[in-house]
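What follows is one structure encoded as structure tokens, with my remarks underneath.
Derivation of every value follows stated rules applied to the coordinates shown; laboratory data play no part. Not measured: the values here are computed from a predicted model. FYI the Cβ positions are ideal-geometry reconstructions off the backbone, even for glycines, and counts take in every protein chain you see.
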Ligand code: IYR
């Protein structure tokens with residue numbers, strides 16, 4: 001028998017819109033999101049923390065396995081900590097670019113122009129380091145969370161969206177392996193690094209690769 005309180009339910013009656021409004025809003029959102037780009041050259045211009053905090057708060061509305069909300073968002077603006085993160089990330093990335101990634105991977109990355117040097121880790125005013133919480137401790141008992149990667153992935157997607165709508169640029173960065181982040185940020189055992197997201201304004205000379213998104217036809221299989 002569960003020792004927890006039974007779940008209570010509340011009414012949910014969201015406002016209904018006309019079909020025209022529904023399509024217009026959705027297309028407007030798509031147009032906004034079409035303008036989002038992964039940025040690797042950041043300005044050091046100050047960004048009010050209130051925007052970062054509001055975007056993370058929005059990410060916290062994501063659905064999650066059994067509503068465990070298995071995420072912790074660490075926000076770093078301290079220059080010394082950013083430098084430590086850059087040094088450790090560049091050491092790992094050097095190994096990745098010089099042997100750990102296979103030839104196909106290196107070839108696939110060439111159009112992006114990336115290498116192991118990561119100035120954005122110091123230039124961006126904020127680094128958001130996302131940790132997934134693989135279990136929780138309650139009264140000394142370990143309880144695993146559910147669908148942790150799916151849950152945190154959805155939440156981060158919402159974060160990236162919120163940052164973009166808030167007028168900020170971001171990069172989903174995955175230095176690999178990234179356990180150095182747990183050490184530098186002194187995170188508890190139940191948290192594992194998931195993604196590192198530099199956030200700020202793009203530098204005035206920022207460039208992004210000239211890529212296209214797949215068409216709707218290319219990504220949808222319809223079974224009507
Ligand atoms: N983590 C490395 C390599 C890298 C891998 C993929 I997949 C990318 O889409 C981009 C980069 C880096 O950040 O440079």
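Brief remarks follow.
- Three-way shape call for the chain based on the alpha-carbon gyration tensor, with the a/c threshold at 1.5: oblate
- Between region 156-224 and region 38-107, the alpha-carbon centres lie 7 Å apart.
- Distance in nm between pseudo-label sites at residue 142 and residue 87 (7 Å out along the Cβ direction from Cα): 3.3
- The ellipsoid that matches the Cα gyration tensor of region 1-54 has semi-axes, each √(5λ) in whole angstrom, of 36, 27, 12, with the longest given first.
- With helices as the sole contributors, the chain gives -11000 deg cm²/dmol at 222 nm; each DSSP H run of n ≥ 4 counts as -39500 (n - 2.57), and the sum is divided by every residue.
- Projected label distance in nm at residue 35 and residue 204, using a 7 Å step from Cα toward the beta-carbon: 2.1
- Within region 179-197, backbone nitrogen closer than 19 Å to the virtual label 7 Å beyond the Cα of residue 75 toward Cβ: 185-187, 194-197
- Between residue 98 and residue 220, full extension at 0.36 nm per residue minus the direct alpha carbon distance yields a gain of 40.2 nm.
- Note on residue 116 and residue 19: their simple-model spin labels are 5.8 nm apart, each label 7 Å out from Cα toward Cβ.
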